[in-house]
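The values are calculated or read from the model by the stated rules, or taken from the named source; none is laboratory data. What you are looking at is a predicted structure, and each value in this text was computed from that prediction instead of being measured. Cβ placement follows ideal geometry from the backbone for every residue including glycine, while neighbour counts extend to all protein chains displayed.
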């Protein structure tokens, strides 16, 4: 019973804050709402017996990536710049094209939801088939990560290095040409 | 006990919200945020299926997705900074001509 | 629910309530302790008039702050200006949750099964502390930005860059201890430090990881924005940094968050390196030992603030990235190699 309440609370919070993210005019509010969404998502992960994924979500997504977004929004002063004609209107009051897009998104949600609830295979409880200990042990996770996926792990570290160098180069001020 | 389909519906909803954000918003930073929403929806789906099948690989894929998302956010934001420095605007409609 | 479960629930609620109040009182005591110790180091008395030898000074300070006018600058963002101190304080309190402060107890036989003296011991406790303190960065960044003032903005940006940079050294120092203990739960890390070598040296990890302890303490000082890393609130350079525009209650929350972060950092340091609540008669007096060890570390924090000069910002960043983080990684590598060698 408390698990059900926790699930609906966190799921509702995630969806509501994500919907608010795409509807905000001020990017600063969008970033803060997305942080709240990531926190709620971490709550969902804990409900799925994945504590390490939940904590990593907070550390990496909410604690590092969002700080990056926050810095960029602050330094570009994005909230106070002169909004183009498009942005002066609230997103849901844009011309018919945008409303059509929103309607399509809603239809997609309804269709996916209908398809997912109809598939009987997925009606089983998520914790029904397998034991929690197979998934929640951090030791097991580390073992599989470093034994089976060692190459992907090393490749990811090189990817991060490349991304770091690329970000520094791209954001650098151009030297004044002589 | 929560059926797996509930988690998948939440994941699908988040993904559609992300897609809607990418299409509807005319602000580069909000577009990048919507992409992050999409990546998180996929993460939720992976963890849910991993729990369902009793397989730890669901969470392992999630770590790789998070790492790639971090790298992509960094490079994407660096591009946004470079673009903003050039045109003083965050509206993607300001960058429609191929001339720099 | 039968009476035994209800009693257990009540006991747990009592522990949480007591810990919460203890943290608040600790921040008040630290306000006084800081000014008294600063006074003694500077050959003067410190606060002396309010209460016997100035012991009621924190209450006077709090009353004064509560009666001040609540100001908000004109261009300040309405929601974020108020959210920032709330975020700082909430993350400071939540970060203390996984820290264990005593052995398990049955409260002199009242309960059937023993109850752990700690708020929430999760099996990834060390990482939870790390995650929540990295959320504490937002309080400072938002405070700096939403005040709509250039001093605040600079203070906020510098503080957040500093905190993020020192999180790396912090995490790798933690990782070395986790290697030794074999678990990420803070309670299990403390329990693996039980026993002694040769009868009198306790098996604390500070003896196995002296360099790691020093790195952790330095990173902890940088994380809590204390001197010599307190450039973000440097009184001489930036007015008051990110909390320039704050007054009254919103202002009071920032130093309180800072002191509670100090207590949490000291709590995690004692759990990881100094044996937590372990000591002679630790089953009954565990909490006393815990408080004593934390107090030693807190006095160290305070004495350090009034002893060393402040780092300049670029020196601070270069120290964190170029010296502390590589040292921390080398510490982790050596620890891993030794653990592998002695366990093979």
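Looking only at segment A:126-140, count every residue that is outside any loop (DSSP other than H, G, I, E, B) and surrounded by 15 or more Cβ atoms within 10 Å (Cβ to Cβ) and tell me the total. Walk me through how you get there before you give the answer.
Of segment A:126-140, the ones outside any loop (DSSP other than H, G, I, E, B) are A:133-136, A:138-140.
Remaining after also requiring surrounded by 15 or more Cβ atoms within 10 Å (Cβ to Cβ): A:134-136, A:138.
Matching residues across segment A:126-140 total 4.
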> In segment A:159-173, what residues are more than 23 Å from the chain's Cα centre (by Cα) and either surrounded by fewer than 12 Cβ atoms within 10 Å (Cβ to Cβ) or more than 8 Å from chain B (Cβ to nearest Cβ) (or both)?
Replying inline: A:165, A:168, A:169, A:172, A:173
> Of all the residues that make up segment A:20-37, how many are free of Cβ contacts under 8 Å to residues at least 40 places away in the same chain and within 7 Å of chain B (Cβ to nearest Cβ)?
Replying inline: 3
>> Can you pull out every residue in segment A:137-147 that is without any contact (Cβ under 8 Å) to a residue 60 or more places away in the chain and either touching a helix residue (DSSP H, G or I) at 6+ places or on another chain (Cβ under 8 Å) or closer than 30 Å to residue B:9 by Cα (or both)?
In response: A:137, A:140, A:142, A:144, A:145, A:146
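Can you find a residue in segment C:197-217 that is free of Cβ contacts under 8 Å to residues at least 24 places away in the same chain, more than 14 Å from chain A (Cβ to nearest Cβ) and assigned to a strand (DSSP E or B)? Reasoning before the result, please.
Going residue by residue through segment C:197-217, those that are free of Cβ contacts under 8 Å to residues at least 24 places away in the same chain are C:197-201, C:207, C:210, C:214.
Subsequent filtering for residues that are more than 14 Å from chain A (Cβ to nearest Cβ) retains C:197-201, C:207, C:210, C:214.
Within this subset, residues satisfying the condition of being assigned to a strand (DSSP E or B) are C:197, C:201.
Among the residues of segment C:197-217, at least one is free of Cβ contacts under 8 Å to residues at least 24 places away in the same chain, more than 14 Å from chain A (Cβ to nearest Cβ) and assigned to a strand (DSSP E or B), which makes the answer yes.
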> Looking at this structure, is residue A:113 in a helix (DSSP H, G or I), surrounded by 13 or more Cβ atoms within 10 Å (Cβ to Cβ), free of Cβ contacts under 8 Å to residues at least 24 places away in the same chain and more than 9 Å from chain B (Cβ to nearest Cβ)?
Replying inline: no
>> Condition first: part of a helix (DSSP H, G or I) and modelled with pLDDT under 90. Now tell me which residues in segment A:5-26 satisfy that.
In response: A:22, A:23
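Could you please find all residues in segment B:17-35 being within 7 Å of chain A (Cβ to nearest Cβ) and either touching a residue at least 12 places away in the same chain (Cβ under 8 Å) or on the phi > 0 side of the Ramachandran plot (or both)?
Keep residues of segment B:17-35 that are within 7 Å of chain A (Cβ to nearest Cβ), which gives B:17, B:19-21, B:23-27, B:29-30, B:33-34.
Within segment B:17-35, B:17, B:19, B:20, B:21, B:26, B:27, B:29, B:33, B:34 meet the criteria.
For segment B:6-16, check the following and say yes or no: at least one residue is more than 18 Å from residue A:116 (Cα to Cα), facing another protein chain (nearest Cβ under 7 Å) and part of a helix (DSSP H, G or I). Step through it out loud before you land on a result.
Narrowing segment B:6-16 to residues more than 18 Å from residue A:116 (Cα to Cα): none.
No: segment B:6-16 contains no residue that is more than 18 Å from residue A:116 (Cα to Cα), facing another protein chain (nearest Cβ under 7 Å) and part of a helix (DSSP H, G or I).
What is the residue count in segment C:19-54 for residues that are assigned to a loop (DSSP other than H, G, I, E, B), touching a residue at least 12 places away in the same chain (Cβ under 8 Å) and surrounded by 16 or more Cβ atoms within 10 Å (Cβ to Cβ)? Outline the logic, then answer.
Going through segment C:19-54, the residues assigned to a loop (DSSP other than H, G, I, E, B) turn out to be C:42-51.
Among the residues that remain, those that are also touching a residue at least 12 places away in the same chain (Cβ under 8 Å) are: C:42, C:47.
Now narrow it down to the ones that are surrounded by 16 or more Cβ atoms within 10 Å (Cβ to Cβ): C:47.
Counting residues in segment C:19-54 that are assigned to a loop (DSSP other than H, G, I, E, B), touching a residue at least 12 places away in the same chain (Cβ under 8 Å) and surrounded by 16 or more Cβ atoms within 10 Å (Cβ to Cβ) gives 1.
Looking at segment A:126-136 only, could you name the residues that are without any contact (Cβ under 8 Å) to a residue 60 or more places away in the chain and within 14 Å of residue B:47 (Cα to Cα)?
Filtering segment A:126-136 down to residues without any contact (Cβ under 8 Å) to a residue 60 or more places away in the chain leaves A:128-131, A:133-134.
A:130, A:134 - these are the residues of segment A:126-136 that are without any contact (Cβ under 8 Å) to a residue 60 or more places away in the chain and within 14 Å of residue B:47 (Cα to Cα).
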> Of all residues in segment A:78-96, which are within 9 Å of another protein chain (Cβ to nearest Cβ) and at pLDDT 65 or above?
Replying inline: A:78
> Pick from B:68, B:42, B:47: which is buried (at least 19 other Cβ atoms within 10 Å of the Cβ) and either more than 8 Å from every other protein chain (Cβ to nearest Cβ) or in a helix (DSSP H, G or I) (or both)?
Replying inline: B:47
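So that you can scan it fast, the table gives a plain yes or no per residue for (1) within 14 Å of chain A (Cβ to nearest Cβ); (2) touching a strand residue (DSSP E or B) at 6+ places or on another chain (Cβ under 6 Å); (3) within 27 Å of residue C:130 (Cβ to Cβ); (4) in a loop (DSSP other than H, G, I, E, B):
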| site | (1), (2), (3), (4) |
| --- | --- |
| C:64 | no, no, no, no |
| C:71 | no, no, no, yes |
| C:75 | yes, no, no, yes |
| C:86 | yes, no, yes, no |
| C:93 | no, no, yes, no |
| C:97 | yes, no, yes, yes |
| C:107 | no, no, no, yes |
| C:113 | no, no, no, yes |
| C:117 | no, yes, yes, no |
> Would it be correct to say that residue B:82 is at the interface with chain A (Cβ under 7 Å from one of its Cβ atoms) and either in contact (Cβ under 8 Å) with a residue 24 or more places away in the chain or out of contact with any helix residue (DSSP H, G or I) (no Cβ under 7 Å at 6 or more places or on another chain) (or both)?
Replying inline: no
>> Kindly evaluate residue A:135 against the criterion of being at the interface with chain B (Cβ under 7 Å from one of its Cβ atoms), more than 23 Å from the chain's Cα centre (by Cα) and modelled with pLDDT of 75 or more.
In response: no
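Every residue, every condition in (1) surrounded by fewer than 19 Cβ atoms within 10 Å (Cβ to Cβ); (2) in a helix (DSSP H, G or I), yes or no:
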| residue | (1), (2) |
| --- | --- |
| C:249 | yes, yes |
| C:259 | no, yes |
| C:277 | no, no |
| C:294 | no, yes |
| C:297 | no, yes |
| C:303 | yes, yes |
| C:310 | yes, no |
| C:331 | no, yes |
| C:338 | yes, yes |
